[in-house]
Amino acid sequence: MIIEQLMVTHMAVFCYICIDEKTSEAVLIDPAGDFDRIFKTVEKHSATVSYIINTHGHFDHTSGNDYCVKKTGAPLLIHKADSSKLRSIPNRVLSRTVGGKTSPQAVSYLKDGDRVNFGSSSLSVIHTPGHSEGSICLYTKGHVFTGDTLFTEGHGRTDLGDGSMGEIMKSITKKILSLPDNTIIWPGHNYGRRPTSTVKEQKRIYMR
């Protein structure tokens, strides 16, 4: 699998493009904005976008859904517990502050244990509530896309209505940090000194 990490919008969101090397099928994770950069990268790999996935429903990650769904025709996927956020009034208003529009509704809802298959590659869904009720991580051997559940330094805020400090700590310690030590952590924002981390590094912080 080829992974492209792009920092988009003034909110330093990380969008990911995951490309199957055999078929050039691709998945966009949180394509929040800066669409020219995103699709120039897709074109560089001669990729076809098969799915668009939101790691959660907050506007800074979903503001590009409308453009990307119309551009690609790919289905939009999100955990059901966050689906109502997509077209909420706050998301509609705030999406425009980062150059986006109101998101369409998701075509399908994800749950813990689901697999998103594209070509010979796949991403496994790990439900990681805490930042929001429907936050998810996406795992493939050697890599985990953590959204706003876990950054390279710190974790997502838990004061946004359906957040929970207890839940996010459980998600981090019991789910993400149970993955192999060499798993690369690809976070949802560029909020640390480095754009990636590893499970082993994060254990030093959270498992002391």
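Identify all residues within segment 113-132 that are of a type outside the set (S, T, N, Q) and loosely packed, with under 14 Cβ neighbours inside 10 Å; write none if there are none. First the steps, then the outcome.
Step one: of segment 113-132, the residues of a type outside the set (S, T, N, Q) are 113-116, 118-119, 123, 125-127, 129-131.
Passing the criteria: G113, R115.
Do you know which residues across segment 109-132 are of a type outside the set (A, V, I, L, M, F, W, C), in a strand (DSSP E or B) and more than 29 Å from G166 (Cβ to Cβ)?
Our first condition is that a residue be of a type outside the set (A, V, I, L, M, F, W, C); within segment 109-132, this holds for 109, 111-115, 117, 119-122, 124, 127-132.
Now narrow it down to the ones that are in a strand (DSSP E or B): 109, 115, 117, 121-122, 124, 127.
Listed by number, the residues that qualify are N117, S121, S122.
Rundown of residues vs (1) of a type in the set (V, I, T); (2) assigned to a loop (DSSP other than H, G, I, E, B); (3) touching a His at 6+ places or on another chain (Cβ under 9 Å), yes/no style:
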| site | (1), (2), (3) |
| --- | --- |
| I17 | yes, no, yes |
| K22 | no, yes, no |
| V27 | yes, no, no |
| R37 | no, no, no |
| V42 | yes, no, no |
| T55 | yes, yes, yes |
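Out of the residues in segment 19-39 that are more than 18 Å from the chain's Cα centre (by Cα) and not acidic (D, E), state the one that is farthest from K101 (Cα to Cα).
The initial filter retains those residues of segment 19-39 that are more than 18 Å from the chain's Cα centre (by Cα), namely 21-24, 36.
So of that shortlist, the ones also not acidic (D, E) come out as 22-24.
Working: K22: 34, T23: 31, S24: 28 Å.
So, considering only residues that are more than 18 Å from the chain's Cα centre (by Cα) and not acidic (D, E), the one farthest from K101 (Cα to Cα) is K22.
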note = In the set K200, K170, K175, K141, the lone residue that is among the basic types (K, R) and touching a Cys at 6+ places or on another chain (Cβ under 8 Å) is K175
request  = Tell me, please, whether a residue that is buried (at least 20 other Cβ atoms within 10 Å of the Cβ) and part of a strand (DSSP E or B) can be found in segment 85-108.
outcome  = no
request  = Could you check how many residues of segment 73-103 are out of contact with any Pro (no Cβ under 8 Å at 6 or more places or on another chain), touching a residue at least 24 places away in the same chain (Cβ under 8 Å) and within 29 Å of E21 (Cα to Cα)?
outcome  = 5
task = Pairs only if they're at least six apart or on different chains, beta carbon under 6 angstrom, first in segment 113-131 and over 21 Å from L177 (Cβ atoms), second assigned to a strand (DSSP E or B) and of a type in the set (F, W, Y); list them, first residue then second.
result = V116/Y51
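In this structure, does S46 turn out to be part of a loop (DSSP other than H, G, I, E, B) and either over 16 Å from the mean Cα position of the chain (by Cα) or surrounded by fewer than 23 Cβ atoms within 10 Å (Cβ to Cβ) (or both)?
On the way: part of a loop (DSSP other than H, G, I, E, B): yes; either over 16 Å from the mean Cα position of the chain (by Cα) or surrounded by fewer than 23 Cβ atoms within 10 Å (Cβ to Cβ) (or both): yes.
Judged against the criteria, S46 is a match.
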Residue tally, condition surrounded by 23 or more Cβ atoms within 10 Å (Cβ to Cβ) and under 13 Å from I19 (Cβ atoms), over segment 29-41 = 2
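Bear in mind that the values in this text are calculations on the coordinates, not laboratory data. Because the structure is a prediction, the values reported are computed rather than measured. Methodologically, a virtual Cβ is constructed for each residue, glycine included, from the backbone with ideal geometry; neighbour enumeration extends over all protein chains shown.
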